[in-house]
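In what follows, a single structure is set out as structure tokens and then discussed.
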Amino acid sequence: MMDLDELVAAVGASAKYRGIDAALVRRIGQEELAKRRTLKEAIKATKDRLHQVGGAFLAQTMPYDHWLAELQEAAVAGDLRPACRAIMAHHASMRERLPFLDDFYAAIFADLPPIASVLDLACGLHPLALPWLPLAPAARYHACDIYAEMMAFIGAFLPLTGVQGRATTGDVTQAIPPEPVDLAFLLKAIPCLEQLDRDAGRRLLTATPARWLVVSFPSQSLGGRRKGMPTFYEAHFDDLIAGQDWAIRRIAFPTELVFVIDTGRHR
Ligand SMILES: C[S@@+](CC[C@H](N)C(=O)[O-])C[C@H]1O[C@@H](n2cnc3c(N)ncnc32)[C@H](O)[C@@H]1O
């Protein structure tokens, strides 16, 4: 127990891992302490895993206070989009979509009725794309990720867009926000979450209380290599949805393969 406390303190002392959901750090730390010979090795292994599931996507600095001030100014000026675009470039996952942002949401929402409530699981900076989302007026938007500072920033940003917003810090492999929504995003998250829990993808698809699920997989690695990833993830997705009576639309974008699922669940 002492080792675990020491490990959690050591991980939290580095700026990159500060404010990550404490239960997640403890869980990974415990697994690594059981596997590694020394505390030092366990600390390094814990940091490596946290890097893989989240840290690798972040820019070196994330000046949230400065960004919020810019967004507040942009809201007063009446156009959030340029500021959102500039900030989204600081998260690798969002940066990849910037070249086709308009087409991305136009295609995803093409066949959907008005969406009045959204859950954005493992959201990263994706909520900053809200000005591009054709949601119903005053829609509810709940965003969730493991970074407390990022979620405080997103929580302060959401009201600027006119949604009724909420941002929470949490590990979605342990608990899925329970309130039913029209649509849940699970964008490029399943490969990360399955590194923490092999069954996370299947569980999130079956247990997220949403009528529509918008799920995506990267079609290239962070370094830009394709390495057969689209084929690999498509086969994995087929496996995850096996046996489900869902209507599914597949949309291929240059860096991302998207599935829009109508689960038929009650709204
Ligand atoms: C590849 S990024 C995708 C971000 C966003 N959904 C998008 O598509 O732009 C993966 C995200 O999952 C988050 N994440 C990793 N493990 C998580 C967990 N256990 N619970 C919630 N979020 C998690 C990371 O912090 C990161 O923001």
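Nothing in this text is a laboratory measurement; each read-out follows from the coordinates by a stated rule. In this text, all values refer to a predicted model and were calculated from it rather than measured experimentally. Here the Cβ is made from the backbone with ideal geometry for all residues, glycine too, and neighbour counts use every protein chain on show.
Values computed for the structure shown
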item: Relative contact order [Cα under 8 Å, 6+ residues apart], the range 2-53, whole percent; result: 38
item: Cleavage-rule hits, trypsin sites (Lys or Arg not before Pro), the range 168-218, DSSP coil, Cβ neighbours within 10 Å at most 12; result: R198
item: Prolate/oblate/rounded call for the range 25-106, Cα gyration tensor, a/c under 1.5 rounded; result: prolate
item: Amide H within-cut-off set for A143, under 5 Å, with H built and near neighbours excluded; result: D120, R166, A167, T168
item: For the chain, built as a Gaussian network whose Cα springs stay under 10 Å, the top-fluctuating residue of D145, D120, D197; result: D197
item: Calculated FRET value between S221 and L112, using beta carbons and R₀ = 41 Å, to 0.05; result: 0.85
item: Within the chain: Cβ-based charge dipole about Cα centre, in debye rounded to nearest 20 (Lys, Arg +1; Asp, Glu -1); result: 480
item: Listed residue (A143, F253, L50) projecting farthest to the positive dipole end of the chain, Cβ model; result: L50
item: Among V76, V181, V215: highest mean-square fluctuation, GNM of the chain, C-alpha pairs under 10 Å; result: V76
item: The range 252-258 - phi-based ³J(HN,Hα) in whole Hz, Karplus 6.51/-1.76/1.60, Gly and Pro as x; result: 9, 10, x, 10, 7, 10, 10
item: Where Rh is the Kirkwood radius over Cα pairs, Rg/Rh for the chain; result: 0.96
item: Computed over the range 80-262: relative contact order in percent, which uses C-alpha pairs under 8 Å that are six or more apart; result: 18
item: Selected from P230, P113, P191 as most flexible by GNM, with the chain as the system and alpha-carbon contacts under 10 Å; result: P113
item: DSSP H segments from the chain that extend 15 Å or more along their own axis, Cα-based, with Kyte-Doolittle mean of 0.5 or above; result: 2-13
item: Helical mean residue ellipticity (222 nm; -39500 (n - 2.57) per DSSP H run of 4+; nearest 500) of the chain; result: -12500 deg cm²/dmol
item: Centre separation in Å (Cα based) which lies between the range 86-115 and the range 167-215; result: 19
item: Proximal lysines to K40, defined as alpha-carbon separation beneath 20 angstrom and excluding residues fewer than eight positions away on the same chain; result: K16
item: Under-5 Å amide H pairs with A189, H placed in peptide plane, nonlocal only; result: S216
